[in-house]
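The values are calculated or read from the model by the stated rules, or taken from the named source; none is laboratory data. Note that the structure is predicted; figures quoted are calculated from it, not measured. FYI the Cβ positions are ideal-geometry reconstructions off the backbone, even for glycines, and counts take in every protein chain you see.
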Amino acid sequence: MAENLPGFFEGTEMPPAEWWEALWRDPAGVVARSGIKPGMDVIDLCCGDGWFTLPISKIARHVTAIDIDAALLDAARSRLGQAGVANCDFIAGDAYDLARLAPRPADVVFMANAFHGVPDPQRLARAVAAVLRPGGRFTIVNWHARPREETTILGEPRGPKTELRLAPEAVGRCVGSSGLRLFDVVEIPPYHYAAVFEKAAD
């Protein structure tokens, strides 16, 4: 995603494919570790070019892929089309408008590599909570709060600026105001974790 444009989150543009693929050699494994299971309705929020959308779609009953960048959505649509996957809707829009964009309640809202750039994370967390079913989960895949020079891929420092990175505790403070509770923190080597938040069951 591009930076410094209305609605675009800082430090969340799509990087060059070669290092992105080197970092995420097993996107299906990341999806499995995040707790997405067969039969779920999932929203892939800030989906980018669909690197995680495809393995999510192979598991979930239905996926809604949302991104503000129409060109990235086209790339995601092409990726899933080439794989013969047809259980995904693609919607262009601002993540803050999730309640308006989501066509159905979700069991999981999955967000990878974008939460660190959200200017108003509490607002976003409230938007996510509004579309989750009771017992539903918000899974945030984040870079660990390590200096950027320590997170090297193909021999070079990669990822968002050091000052943008958030520890799980900081993410918990942002999301907790929405009423979602921290359910689990899952390590995703080499440089990430998934913070999983749960909506109270009725």
Looking at the stretch 56-72, is at least one residue touching a helix residue (DSSP H, G or I) at 6+ places or on another chain (Cβ under 9 Å) and within 22 Å of TYR191 (Cβ to Cβ)? yes
Answer yes or no as to whether ASN142 is in contact with a Ser or Thr (Cβ under 6 Å, 6 or more places away or on another chain) and under 21 Å from ILE36 (Cα atoms). no
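Kindly check whether there is at least one residue in the stretch 76-87 that is under 15 Å from the mean Cα position of the chain (by Cα) and within 23 Å of PRO121 (Cα to Cα).
The first filter runs over the stretch 76-87 and keeps only residues under 15 Å from the mean Cα position of the chain (by Cα), leaving 76.
After this cut, where a residue has to be within 23 Å of PRO121 (Cα to Cα) as well, the list is none.
The answer is no, given that none of the residues of the stretch 76-87 is under 15 Å from the mean Cα position of the chain (by Cα) and within 23 Å of PRO121 (Cα to Cα).
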Scan of the stretch 167-202 for residues that are crowded, with 19+ Cβ neighbours inside 10 Å and among the small types (Gly, Ala, Ser), ordered by number: SER178, ALA194, ALA195
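Just need a number here: residues in the stretch 39-77 that are among the hydroxyl-bearing types (Ser, Thr, Tyr) and touching an Asp or Glu at 6+ places or on another chain (Cβ under 7 Å).
Going residue by residue through the stretch 39-77, those that are among the hydroxyl-bearing types (Ser, Thr, Tyr) are 53, 57, 64.
Adding the requirement that they be touching an Asp or Glu at 6+ places or on another chain (Cβ under 7 Å) leaves 53, 64.
Residues flagged as among the hydroxyl-bearing types (Ser, Thr, Tyr) and touching an Asp or Glu at 6+ places or on another chain (Cβ under 7 Å) within the stretch 39-77 amount to 2.
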Residue count for the stretch 125-159, restricted to those that are under 16 Å from the mean Cα position of the chain (by Cα) and at pLDDT 95 or above: 16
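Scan the stretch 135-160 residue by residue and report those that are over 19 Å from LEU45 (Cα atoms), of a type outside the set (Gly, Ala, Ser) and either in contact (Cβ under 8 Å) with a residue 12 or more places away in the chain or in a helix (DSSP H, G or I) (or both). It would help to see each step written out before you state the result.
Initially, the stretch 135-160 is screened for residues over 19 Å from LEU45 (Cα atoms), giving 144-158.
Add one more test, that the residue is of a type outside the set (Gly, Ala, Ser), and what stays is 144, 146-154, 156-158.
If the condition is that a residue be over 19 Å from LEU45 (Cα atoms), of a type outside the set (Gly, Ala, Ser) and either in contact (Cβ under 8 Å) with a residue 12 or more places away in the chain or in a helix (DSSP H, G or I) (or both), then HIS144, ARG146, PRO147, ARG148, GLU149, GLU150, THR151, ILE153, LEU154, GLU156, ARG158 are the ones that fit.
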